[in-house]
Amino acid sequence: MSNTAGGGHVSSTPTPGERSGTQGSVVRPYGDMTGDGMIQVSFTLPVPHDKRAEGAALQLAGKMGMSPALLVHAKAMGPEHTFFVVYGSVTHLVELDKVEVLERDFPLLSAKEINTTIKKTLRRPLVVVGACIGTDAHTVGIDAILNIKGFAGEKGLEYYSEVQVVNLGAQVLVPELVERAREEQADAVLVSQVVTQRDAHIHNTTAMSAAFREAYPAGAVPILIAGGPRFEEGSAKALGVDRIFGKGTTPSEVASYLIHAVAQRHGAATRQQPAKEQQ
Amino acid sequence: MSTPKVLELDRATVRRARSHAARLGKPVVELATSHTTVSVERATLRLAGLSGADHERVPWVNHLVDAVRDQVGIEHGVTTPIWDALRRDEAPDLLTLAQKASSGSVNFRIPEQRGEATRARRAAMAAVRPGIRRIDRQRAARDRQIARLGDPKQRPWIYLIVATGDIFEDIPQAQAAAREGADIIAVIRSTGQSLLDYVPEGATREGFAGTYATQENFRLMRAALDEVGKELGRYIRLVNYASGLCMPEIAALAGLERLDMMLNDSMYGILFRDINPIRTFVDQRFSRQVHARAGIIINTGEDNYLTTADAVEAAHTVTVSQLMNEYFGKEAGLEDWQLGLGHAFEINPDLPESFRLELAHALLARHLFPDAPLKWMPPTKHMTGDIFKGHLLDGFFNLAGAMTGQSILLVGMMTEAVVTPFLSDRDLALQNVRYVLNSAGGLVEDFHPPRDGFIQTRARHVLDEAITLMDEMSARTPTRGWSPLLEAIADGTFGHMKRPADQGKGLEGVARKADDYDNPATTLLEEGR
């Protein structure tokens, strides 16, 4: 591909220093030569396969910053769609110093590390109660996190020897959840909310957190976690929960967070106690 | 499905495997025949023509069965008290009776006089019979269409999934998939439907990661596939899911609306949905009796064990489950051609000789069940988001299917575990299947693994492990007083999930049959009338 569409044609050819990749913070995609900017994309357009369709594909490639673009494959997918594969050099530059990453504020631990940390900090199993609350019958989220079957190749929390899981399943009423959490002396409560019709997920979650604050003395409320595909990032405070987890969350992320949160609380509690005794 | 006997399995060993499965299964069948469930009773009312729901979408069958249960229990069967009430003019017809019962204004009783009970039973039988007749007519209609249009020209049959949540989006997608080469269309159900203790009503447009299974959705999709089948000159089969808490009702609806295959595993609901084991086995037996009558092919779900357990270490649990599914299926009246036993290509591709192990496992299933339409399922667990590697893995999966003579091939998508497949992903996946079948479809004829070589040895080993596991299950002293299979399920033998028989969802809907239990649907199904 480099013979037909080298990076040399592009106006923003990087300087030799940038090409070496050691000095500047500007990089370009790498095909088979530093700085050639080569990428490959595939997509489908809802047009029958003909000359015009191929032109349309090249137009899109151009608008995506591919110049020159090379249409290497076009195939009809039924009478009304065409599939394309395009190679080409992109004019865009990647400025590494401007890359922003939202870092996770807790370390991701392995199952073994999680189990040993629980043993060390709690000296008993960590109790997690989970449920789909309200009318929500979609247990796929809570099951993915809690059930041993797990999600994305990772086993769920049931699999961790030091985590005791109570999965209440679908359509659990808030008072029932609070009662079970107290009965089980839950360290954490996980609720899943998939249904978002008329903002049900927000109402249910706020009702849940309020019920827990009412039922428990201040500072003793279990760690409250809400999960679901439609929660806004950063809305945990407004919902009255400790943490929101969105789409694609894996069981080990939740477990790692729990360890982090429990350790924080535990640490805080042990630090506070001497202070109280002095009073 | 003339597979050469290339594995050279010892016939006595195979017989032993089957007798072990029968020994484990028999007490469970006894359990299933001595109990009934709310869902079996509701299915019976559906066969008697009761459909529809109230303004809150609670089906009338639920109202009526609940009312009978509250007053006289379901252990006598609901039909006797219901048709007794109709004979006493509590309501002019079944629907009105259900409506009145929902407001608590019907008195049900178990008729004490022999004559009264007999007359009520006779009336119930007369009401249920047309439902069974309609299932018979649908089966005949399928046979006629297949005779006219023909089956797919190639084996395996190509099985594709559609799932938009909206039946009116599913229809054009399913028709497009058929035009692209699919022989079988499965409409995935909405997440969570398996735990609903009622069947939703009407055409639905708001499912989650799938479309609700309803009678109307079944009817719409059946009509759409009949239409495209005529256009293509090949009968397109329709699949749905007879699983979860409403398994018997969905089976009845599938028979009434001429679905062709139903996912119906003996243990999936227990293990993966935490449905009570007794509820599951009772519901399953009835639903399989309906499937047997309707000429429906069941698809079992052994692939699922391999998503939680290791596909090499747990290979024998798949074999055990297949043997159990076969035993329960045949006991319920299914014939070999209706047993779409499942298995899957789920061995970690980084493991040395993983493909040879896959071939050994796939051949084992093929040889144990030579006349069953085995369902071969694609990799999911080791699809990582590297779509290029995934596409290659799917190619090897297709090749294994072709080499070992599998019957139904669920098309693997490289987007597995990434996104809902694009139009182009589906097309690429079908190209993958077509290339393999065109280039190597006949390889099953040439593929003779050498005697006592890696593949033969591995297959024998897995079969031996399966027999040992069944032996151990039978030999174990029951700690809870249940039959060995129930004890094993409670101990987490399958898929590492512990499911005791006195826990799980739907237990409250189970009742031990009284001596005077009557169910005209079961009678018709069991007597073949």
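Residues that are more than 28 Å from B:Ala127 (Cα to Cα), at least 3 per element: which helices (runs of 4 or more DSSP H) completely within region B:447-529 meet that?
Details: elements: B:454-475, B:484-490, B:520-527.
The qualifying helices (runs of 4 or more DSSP H) are B:454-475, B:484-490.
In region B:210-329, which helices (runs of 4 or more DSSP H) lie fully inside it and hold 3 or more residues that are in contact (Cβ under 8 Å) with a residue 60 or more places away in the chain and in contact with a Ser or Thr (Cβ under 8 Å, 6 or more places away or on another chain)?
Qualifying helices (runs of 4 or more DSSP H): B:247-256, B:268-273, B:277-294.
For region B:411-426, indicate whether the set of residues that are within 14 Å of another protein chain (Cβ to nearest Cβ), touching a residue at least 40 places away in the same chain (Cβ under 8 Å) and under 25 Å from B:Leu357 (Cα atoms) is non-empty.
No, there is no match, as no residue in region B:411-426 is within 14 Å of another protein chain (Cβ to nearest Cβ), touching a residue at least 40 places away in the same chain (Cβ under 8 Å) and under 25 Å from B:Leu357 (Cα atoms).
Counting only residues that are farther than 18 Å from B:His316 by Cβ and charged (D, E, K, R), how many does region B:354-380 have?
The number of residues fulfilling the criteria is 2.
Yes/no matrix, rows are residues, columns are (1) within 14 Å of another protein chain (Cβ to nearest Cβ); (2) touching a Phe, Trp or Tyr at 6+ places or on another chain (Cβ under 7 Å); (3) buried (at least 24 other Cβ atoms within 10 Å of the Cβ); (4) charged (D, E, K, R):
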| residue | (1), (2), (3), (4) |
| --- | --- |
| B:Glu227 | no, no, no, yes |
| B:Lys230 | no, no, no, yes |
| B:Leu253 | no, yes, yes, no |
| B:Asn264 | no, no, yes, no |
| B:Tyr268 | yes, no, yes, no |
| B:Asp274 | yes, no, no, yes |
| B:Pro277 | no, no, yes, no |
| B:Phe286 | no, no, yes, no |
| B:Gly295 | no, no, no, no |
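Restricting region B:162-181 to residues that are at pLDDT 90 or above, away from every other protein chain (no Cβ under 13 Å) and surrounded by 20 or more Cβ atoms within 10 Å (Cβ to Cβ), which is nearest to A:Val172 (Cα to Cα)?
Here the residue is B:Ile167.
Which of the following residues is modelled with pLDDT under 95 and of a type in the set (Asp, Glu): B:Asp427, B:Asp516, B:Asp452, B:Asp464?
Working: B:Asp516 fails: modelled with pLDDT under 95; B:Asp452 fails: modelled with pLDDT under 95; B:Asp464 fails: modelled with pLDDT under 95.
That would be B:Asp427, the only listed residue that is modelled with pLDDT under 95 and of a type in the set (Asp, Glu).
Here are B:Gly405, B:Gly412, B:Gly401: which of them is closer than 11 Å to B:Phe345 by Cα, outside any helix (DSSP H, G or I) and small (Gly, Ala, Ser)?
On the way: B:Gly405 fails: closer than 11 Å to B:Phe345 by Cα; B:Gly401 fails: outside any helix (DSSP H, G or I).
From the options B:Gly405, B:Gly412, B:Gly401, the qualifying one is B:Gly412.
Could you say which residue among A:Arg230, A:Arg243, A:Arg213 is at pLDDT below 90 and surrounded by fewer than 23 Cβ atoms within 10 Å (Cβ to Cβ)?
Values: A:Arg243 fails: at pLDDT below 90; A:Arg213 fails: at pLDDT below 90.
When all the criteria are applied, what remains is A:Arg230.
Which of the residues spanning region B:240-269 are in contact with a strand residue (DSSP E or B) (Cβ under 6 Å, 6 or more places away or on another chain), of a type in the set (A, V, I, L, M, F, W, C) and within 13 Å of B:Gln215 (Cα to Cα)?
B:Ala242, B:Ala254, B:Leu259 - these are the residues of region B:240-269 that are in contact with a strand residue (DSSP E or B) (Cβ under 6 Å, 6 or more places away or on another chain), of a type in the set (A, V, I, L, M, F, W, C) and within 13 Å of B:Gln215 (Cα to Cα).
Every residue, every condition in (1) more than 22 Å from B:Met125 (Cβ to Cβ); (2) polar (S, T, N, Q); (3) surrounded by 18 or more Cβ atoms within 10 Å (Cβ to Cβ), yes or no:
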{"site": "B:Val28", "(1), (2), (3)": "yes, no, yes"}
{"site": "B:His35", "(1), (2), (3)": "no, no, yes"}
{"site": "B:Asn62", "(1), (2), (3)": "yes, yes, yes"}
{"site": "B:Ala67", "(1), (2), (3)": "no, no, yes"}
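Inside region A:14-32, can you point out the residues that are closer than 21 Å to A:Met64 by Cβ and at pLDDT 50 or above? It would help to see each step written out before you state the result.
Initial filter on region A:14-32 (closer than 21 Å to A:Met64 by Cβ): A:14, A:26-32.
Those that are closer than 21 Å to A:Met64 by Cβ and at pLDDT 50 or above: A:Val26, A:Val27, A:Arg28, A:Pro29, A:Tyr30, A:Gly31, A:Asp32.
Could you check region A:106-128 and list, in sequence order, the residues that are outside any helix (DSSP H, G or I) and either crowded, with 16+ Cβ neighbours inside 10 Å or touching a His at 6+ places or on another chain (Cβ under 8 Å) (or both)?
Result: A:Phe106, A:Pro107, A:Leu109, A:Leu122, A:Pro125, A:Leu126, A:Val127, A:Val128.
Select from region A:116-146 the residues that are modelled with pLDDT of 80 or more and among the polar types (S, T, N, Q) and list them in ascending order.
A:Thr116, A:Thr117, A:Thr121
It is to be established whether one or more residues within region B:163-178 are of a type outside the set (A, V, I, L, M, F, W, C) and in contact (Cβ under 8 Å) with a residue 60 or more places away in the chain. Break it down into steps so the answer makes sense when it comes.
Within region B:163-178, the subset of a type outside the set (A, V, I, L, M, F, W, C) is B:164-166, B:169-170, B:172-173, B:175.
With in contact (Cβ under 8 Å) with a residue 60 or more places away in the chain added as a condition, the list becomes none.
No, region B:163-178 contains no residue that is of a type outside the set (A, V, I, L, M, F, W, C) and in contact (Cβ under 8 Å) with a residue 60 or more places away in the chain.
Which is within 14 Å of chain B (Cβ to nearest Cβ), outside any strand (DSSP E or B) and either on the phi < 0 side of the Ramachandran plot or in contact with a strand residue (DSSP E or B) (Cβ under 6 Å, 6 or more places away or on another chain) (or both), of A:Ala131, A:Ala57, A:Ala61? If you could, list the steps in order and put the result at the bottom.
Details: A:Ala131 fails: outside any strand (DSSP E or B); A:Ala61 fails: within 14 Å of chain B (Cβ to nearest Cβ).
Unique residue meeting the criteria: A:Ala57.
Quick check on region B:151-161: of everything there that is out of contact with any helix residue (DSSP H, G or I) (no Cβ under 8 Å at 6 or more places or on another chain) and in a loop (DSSP other than H, G, I, E, B), which residue is surrounded by the most Cβ atoms within 10 Å (Cβ to Cβ)?
Going residue by residue through region B:151-161, those that are out of contact with any helix residue (DSSP H, G or I) (no Cβ under 8 Å at 6 or more places or on another chain) are B:151-153, B:155, B:157, B:159, B:161.
Next, only the ones that are in a loop (DSSP other than H, G, I, E, B) stay: B:151-153, B:155.
Working: B:Asp151: 13, B:Pro152: 16, B:Lys153: 7, B:Arg155: 20.
Of everything passing the filter in region B:151-161, B:Arg155 is surrounded by the most Cβ atoms within 10 Å (Cβ to Cβ).
Check region B:498-506 and report whether any residue there is out of contact with any helix residue (DSSP H, G or I) (no Cβ under 9 Å at 6 or more places or on another chain), among the charged types (D, E, K, R) and in contact (Cβ under 8 Å) with a residue 40 or more places away in the chain.
No, region B:498-506 contains no residue that is out of contact with any helix residue (DSSP H, G or I) (no Cβ under 9 Å at 6 or more places or on another chain), among the charged types (D, E, K, R) and in contact (Cβ under 8 Å) with a residue 40 or more places away in the chain.
Under the condition of being closer than 26 Å to A:Met33 by Cβ and within 14 Å of chain B (Cβ to nearest Cβ), which residue from region A:66-122 is farthest from the chain's Cα centre (by Cα)?
Looking only at region A:66-122, we keep the residues that are closer than 26 Å to A:Met33 by Cβ, and these are A:66-73, A:84-99.
Still in the list and also within 14 Å of chain B (Cβ to nearest Cβ): A:73, A:84-86.
Numbers: A:His73: 34, A:Phe84: 30, A:Val85: 29, A:Val86: 30 Å.
In this case the residue turns out to be A:His73.
For region B:453-461, does any single residue satisfy the condition of being surrounded by fewer than 14 Cβ atoms within 10 Å (Cβ to Cβ) and either over 30 Å from B:Ile188 (Cβ atoms) or more than 14 Å from chain A (Cβ to nearest Cβ) (or both)?
At the first step, the residues of region B:453-461 found to be surrounded by fewer than 14 Cβ atoms within 10 Å (Cβ to Cβ) are B:453, B:457.
The next check asks that each one be either over 30 Å from B:Ile188 (Cβ atoms) or more than 14 Å from chain A (Cβ to nearest Cβ) (or both); those that pass are B:453, B:457.
Looking for residues that are surrounded by fewer than 14 Cβ atoms within 10 Å (Cβ to Cβ) and either over 30 Å from B:Ile188 (Cβ atoms) or more than 14 Å from chain A (Cβ to nearest Cβ) (or both), one finds at least one in region B:453-461, hence yes.
Quick test of your reading of the structure: B:Asp303 fulfils all but one of (1) over 21 Å from the mean Cα position of the chain (by Cα); (2) under 25 Å from B:Thr493 (Cβ atoms). Name the failing condition by number.
(1)
The values are calculated or read from the model by the stated rules, or taken from the named source; none is laboratory data. The shown structure was predicted, so the numbers you read here are calculated from the model rather than taken from an experiment. We place every Cβ from the backbone using ideal geometry, glycine too, and count neighbours over all the protein chains shown.
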